[in-house]
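The structure under discussion appears below in the form of structure tokens.
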Amino acid sequence: MKKESETQEVAATCPSKKHISKGDIEELKEKLLLEQNTLGIKHKIMVMSGKGGVGKSSIAANIAVGLSMKGKQVGLMDIDIHGPSIPKIVGLEGAQLKQTEEGLMPIEYSANLTVMSIGFLIRDRKDAVIWRAPLKHSLIRQFLTDVIWEELDYLIIDCPPGTGDELISIAQLLEDADGVIIVTTPQDVAVNDVRKSITFCRHVNLPIIGVIENMSGFVCPHCGTVVDIFKTGGGEKMALEMGVPFLGRIPIDPKIVEHSDNGKPFFQYVSQSPAVSAFEAIITPLLSLNPKKERK
């Protein structure tokens, strides 16, 4: 028979006797709920940029639309909390979310594409969202746990510019993400900021799918010729220097601006354009992605 002191020592080290806080239990429940709700999503791809104004949201929206047009089931999640552009780009401004017993239903863009954005929760487009990090994290978590995404081939996530709270949250929550598509423009002022996005991804162990150089040249509306009115090649050069894949260049096309302002993603509504051809080449490798294992 063990002595009393020995029994007490064993009891103190028994795993069942360790204190589990209420916070630990809630965190475990949230993690299980997140895993359960995203279990049916085969690929999770983030679209980000260290610089604002590079056309990131337009790229994210058209990737989602392009994949859906290939017969894939796609979700488009907008976590740009302070500047949600996705509802405007896909023509869903003013759409009303529906709450069910199972959760929140994303807005249907087409039979193959559903969309979720904080823009659907803001009553007035002029309202400013003034939130600190915990509220942002909570909203992003709810988009992943409370929204009924069902079975998806792809979840495309439009991230805000920079490397702030929202990016940290999504990197922590989606540990099995396939990776990130990084958008830049050719100019040095954009490329220098976008380098920070690559560094950020490496710090948080997010795979980089590749870099897109947007607004690379200008498509003449009269003859269709691509003219380098600014410069070109800056994004490709940066990708080479930092050792990440380069996915391609997309030129400026007046049709892209016109259709985005009218809520009609250009990949769906413009058939003949160097920009559409470039985008087709960018989407093609996404169709052959292998399922991503959880990051360590």
What's the FRET efficiency of residue 31 with residue 227 using the Cβ-Cβ distance as r and R₀ = 45 Å, to the nearest 0.05?
0.30
Of all DSSP beta bridges located in segment 147-267, what percent are antiparallel, nearest 5?
15
Can you say what percent of the DSSP beta bridges in the chain, counting only those with both residues inside, are antiparallel? Round to 5.
20
Grab the other residues whose beta carbon is less than 12 angstrom from that of residue 163, score K and R as +1, D and E as -1, and report the net.
+1
By how many nm would the segment from residue 269 to residue 151 lengthen if fully extended, with 0.36 nm per residue of separation less the alpha-carbon distance?
39.8 nm
Using modelled backbone amide H atoms (1.01 Å from N, in-plane), which distant-in-sequence or interchain residues come within less than 5 Å of residue 152's amide H?
41, 42
On a C-alpha basis, how far is the centre of segment 27-94 from the centre of segment 222-296 in Å? Whole number, if you could?
17
Under a Cβ-Cβ cut-off of 10 Å, what is the net charge of the residues other than residue 263 that fall near it, where Lys and Arg count +1 and Asp and Glu count -1?
0
Per residue and in cubic angstrom, what volume does the convex hull of the Cα atoms of the chain have?
172
Net charge over other residues, Cβ less than 13 angstrom from the Cβ of residue 275 (K, R count +1; D, E count -1):
-2
How large is ³J(HN,Hα) for each residue in segment 87-101, as worked out from phi by the Karplus curve 6.51 cos²θ - 1.76 cosθ + 1.60 (θ = phi - 60°), to whole Hz, x for Gly and Pro?
x, 5, 5, 9, x, 10, 4, x, 5, 9, 6, 10, 9, 10, 5
In the structure displayed, which of 51/98; 44/196; 29/98; 42/98; 44/88; 98/255 lie more than 29 Å apart, Cα to Cα?
51/98; 98/255
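Read the figures in this text as sums done on the coordinates, not as results from a lab. Since this is a predicted model, take the numbers as computed values, not measurements. Neighbour counts run over all protein chains shown; Cβ positions are idealised from the backbone, glycine included.
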